[in-house]
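To start, the structure under review is shown below, and the notes come after it.
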Amino acid sequence: MTSVGIDAIAIHAGKLKLDLAETFAPAMGDEPEKYTKGLGLHASSFPDTYEDIVTMGANAAHKLMERKGLEPEDIGRIDVATESAFDHSKPVSTYIAGCLEQVFEGDFHHANKGERKFACVAGTQSIDDAYNWIQAGRNRGRSALVIATDTALYARDDPGESTQGAGAVAMLISEDPSLVELSTEQGYGSADETDFLKPQQQFPSVDGKRSVQVYLARMREALVDYQSVAGEVHPYDIRLVPFHTPFPGMVRKAAVLGYRHMIRNTEIEDALAEEIGPQPREEAFDGEDEYLDAVREYTDALQDTDRYREWYERVVDPTLTISRHVGNWYTGSVHVARASGLKELAEAGEDATGATMLVGSYGSGAQAEIHAETVQPGWKDEIEALDIDEQLESRYDLTFSEYETVHDAHNHDEERSFEEFTAPDGEFVFDGWGRMGERKYDYVE
C-alpha cells in the first residue's frame with residue numbers, strides 16, 4: 001500500500017497575546033497558579049481586528065506552499081476544519097482558495113473544496129479524508145491541503161475564558177511524506193453527548209465537568225478500539241503521544257488513564273504492584289461503585305510513581321510546550337501538539353526517524369480517534385522550518401482593557417469597528433463586507 005501522511009506543516013498564530021499570570025489573573029482576582037499550574041496555561045493567542053479564521057488559515061497555507069515550492073496545480077483538494085465558521089452554506093475553503101489565488105499564478109478551480117465540522121476532531125477527520133482520497137487513487141498525483149483554523153472565544157466570565165486561543169495549522173497530505181506516515185489502523189470512541197455545543201450561537205454552551213468526563217471516556221473507547229485492530233500497545237514503544245489539548249491540565253488526566261490501560265497485564269504492572277498493588281479487576285468487587293473507587297485510588301497512586309512521571313515527562317510533556325503559550329485552537333489543537341513534540345525532539349538533537357507517535361484526537365459531541373504515525377527521514381527539516389517561536393515572540397502584549405476591546409471586536413453581536421493593534425505585513429487581511437454580506441480579503445505587502 002502507498003505510504004501516505006503529512007508531508008509538511010505550517011502554523012499561524014493570532015498576533016495578539018494575553019498573559020494569563022500577569023494580566024488576566026489580577027483582573028479576575030485570581031492567583032496566577034490557577035492558570036499556570038492548574039490549567040497549565042501561561043498565555044493565549046488572539047487575532048488582531050483584521051484577522052479571522054480565513055486570514056489565519058490562508059496565511060498558514062501560503063507559508064507552506066511557498067516553502068515547498070507549490071503552485072495551485074499541485075493541490076487537488078482543500079479541506080478546512082473549523083468550528084468557528086460564519087456561513088451555513090459557503091465553506092471557508094472557498095474563501096481561503098480565493099485568498100491564495102491573489103498571490104499565486106493559476107487557480108484552484110480544479111480542486112475539490114470542503115469544510116469539516118465535528119468540533120475539535122474535524123482536523124483529524126479531514127486528514128483521514130485526504131488519506132482515503134489518495135489511497136483510492138483519485139488524487140491524480142496531487143496533494144491535499146488540510147487547514148485547521150479556529151478562534152476559540154468564550155463569553156466574558158465564562159469558566160472557559162482563560163483557555164481561549166486563536167490560530168491555524170496548514171498540513172500537506174501526500175504520498176511518500178517527509179514528516180509522518182499515517183497508520184492504516186484507527187480506533188474510535190463516539191457517542192451522542194452534549195458536553196459542548198453552539199446551537200445557533202457564537203459562544204459555546206459548556207458543561208465543563210461533563211466535558212472532561214466525556215473526553216476521557218471517548219479516549220478510552222478509542223484506545224480499546226485501536227488495540228482491537230492494531231494489537232496491544234506498549235507505552236515504551238511510543239515516543240510521543242500528542243493529545244487534543246484544550247488545556248494541558250486535561251492532557252494530564254488523559255495520559256495517566258491511557259498509561260494505566262496500556263500497562264495492564266504487562267511486566268510494568270507487575271513491577272509497580274510491589275509499590276502500589278495490582279490494578280483493580282472489576283470481577284473482584286461486589287459492586288460498580290466499589291470498583292470505580294478502587295480504580296480512582298490506583299490511578300492517583302500510579303500518577304505519583306517515578307516510573308509514570310518519567311514516562312510522562314519523556315512522551316507527553318514535550319507535546320504541550322506550544323499549547324501552554326497559545327491556548328486552545330479547537331481543530332488545530334492536536335496538530336499543534338504533534339508539531340510541539342517533534343520540535344522538542346529536534347531541538348534536543350534526537351534522531352526520531354522511525355519512531356512511533358500515538359495520536360489522540362477528540363471532538364465534543366462527542367468522538368475520539370486514535371491512530372499511529374511513523375516519523376519519516378525528512379521530519380527534522382520540516383520541523384526546523386517552523387517559525388512559531390518568532391511568531392510568539394513578536395506578538396503584541398495586551399493590557400486587560402485592550403483584551404476587552406479585542407474580545408468585543410471578534411464578537412459577532414458587536415457591530416462597532418475597532419482599530420488594529422499591529423500593522424499587517426506580507427499577509428492576508430479582512431477587508432470589509434461585500435454586497436451580499438460576504439467577507440472580503442486582501443493581501444497586504
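The values are calculated or read from the model by the stated rules, or taken from the named source; none is laboratory data. Worth saying up front: this structure is predicted, and the values here are computed from it rather than measured. Cβ coordinates were reconstructed from backbone atoms using ideal geometry, including for glycine residues, and neighbour counts include every protein chain displayed. Just the protein is used for accessible areas: all its heavy atoms, side chains included, with ligands, DNA and RNA removed. Shrake-Rupley method; radii C 1.70, N 1.55, O 1.52, S 1.80 Å.
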Rounded to the nearest 0.05, FRET efficiency between ASP300 and MET28 (Cβ-Cβ, R0 35 Å) equals 0.75
Placing each pseudo-label 7 Å from Cα in the direction of the beta carbon, TRP433 and ASP293 end up separated by a distance in nanometres of 6.0
Cα-only Rg/Rh for the stretch 120-193 with Kirkwood Rh rounds to 1.09
Simple spin-label estimate for TYR188/THR2, 7 Å along Cα→Cβ, in nm, reads 2.3
Note to self: with every protein chain in place and a 1.4 Å probe, the stretch 272-419 gives an accessible area per residue in Å² of 46
A chain fully extended from GLU419 to THR399 at 0.36 nm per residue, minus the present Cα-Cα distance, gains in nm 5.7 nm
The Cα radius of gyration of the stretch 294-433, divided by 2.2 N^0.38 Å with N its residue count, comes to 1.38
Once the dipole of the chain is set up from charges on Cβ (+1 Lys and Arg, -1 Asp and Glu), the residue from the list GLY277, VAL92, LEU153 lying farthest towards its positive end is VAL92
Taking only the Cα positions of the stretch 184-272, the convex hull volume per residue in Å³ is 132
A correct Kirkwood calculation over the Cα atoms of the stretch 14-133 returns a hydrodynamic radius in Å of 16.6
Measuring from its Cα centre, the stretch 50-119 shows a charge dipole (+1 at each Lys and Arg Cβ, -1 at each Asp and Glu Cβ) which, in debye to the nearest 20, is 260
Carbon plus sulfur, as percent of the 1.4 Å-probe accessible area of the stretch 15-82, comes to 45
A correct Karplus calculation of ³J(HN,Hα) over the stretch 403-413, with 6.51 cos²θ - 1.76 cosθ + 1.60, θ = phi - 60°, whole Hz and x for Gly and Pro, returns 4, 4, 5, 6, 4, 5, 4, 9, 8, 4, 7
Residues whose modelled amide H sits under 5 Å from the amide H of LYS113, counting only those 5 or more places away in sequence or on another chain, are ILE78
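How much length would be gained if the chain were fully extended between HIS412 and VAL103, taking 0.36 nm per residue of separation minus their Cα-Cα distance, in nm to one decimal?
Here the segment from HIS412 to VAL103 would lengthen by 108.4 nm.
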The stretch 314-353, convex hull of Cα, quarter of hull surface, nm² -> 2.9
Here the stretch 273-290 yields Karplus 3J(HN,Hα) values (6.51, -1.76, 1.60; θ = phi - 60°; whole Hz; Gly and Pro given as x) of 4, 5, 9, 10, x, x, 5, x, 10, 4, 5, 8, 10, 6, x, 5, 4, 5
Toy charge model, Lys and Arg Cβ at +1, Asp and Glu Cβ at -1: the stretch 124-167 dipole around Cα centroid in debye, rounded to 20, equals 500
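Please report the antiparallel percentage of DSSP beta bridges with both residues in the stretch 39-182, rounded to the nearest 5.
45
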Tilt, helix 122-135 to longest principal axis of the chain (alpha-carbon atoms), in degrees rounded to tens, equals 80
Cα-Cα pairs in the stretch 292-344 separated by more than 12 Å, as a whole percent of all pairs, come to 68
Note: the stretch 71-202 at 4 °C, 1.567 mPa s; Kirkwood Rh on alpha carbon pairs; Stokes-Einstein D in µm²/s works out to 79
In debye to the nearest 20, the charge dipole size for the chain, taken about the Cα centre with +1 at each Lys and Arg Cβ and -1 at each Asp and Glu Cβ, equals 860
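DSSP beta bridges in the chain, what fraction antiparallel, as a percent rounded to 5?
That works out to approximately 75 percent antiparallel.
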Per DSSP, the loop-located chymotrypsin sites (Phe, Trp or Tyr not before Pro) within the stretch 353-445 having at most 15 other beta carbons within 10 Å are PHE418
Sorting PRO47, ILE383, ALA111 by the position of each Cα along the dipole of the chain (Lys, Arg +1; Asp, Glu -1; all at Cβ), the one nearest the positive end of that ordering is ALA111
With Rg from the Cα atoms and Rh as the Kirkwood inverse mean 1/r over Cα pairs, the stretch 70-119 has an Rg/Rh of 0.99
In whole Hz, the Karplus estimates of ³J(HN,Hα) for the stretch 344-355 (6.51, -1.76, 1.60; θ = phi - 60°; x where Gly or Pro) are 5, 5, 5, 5, 7, x, 7, 8, 9, 4, x, 6
Using the Cα gyration tensor of the chain, the equivalent ellipsoid's semi-axes, largest first and to the nearest Å, work out to 35, 27, 20
Out of THR422, HIS407, TRP433 - ranked by how far each Cα lies towards the positive end of the dipole of the stretch 391-445, with unit charges on the beta-carbon of charged residues - the top one is TRP433
In the structure shown, of LYS68/LYS253; LYS63/LYS209; LYS17/LYS440; LYS17/LYS198; LYS90/LYS198; LYS34/LYS63, the pairs separated by more than 27 angstrom at the C-alpha atoms are LYS68/LYS253; LYS63/LYS209; LYS34/LYS63
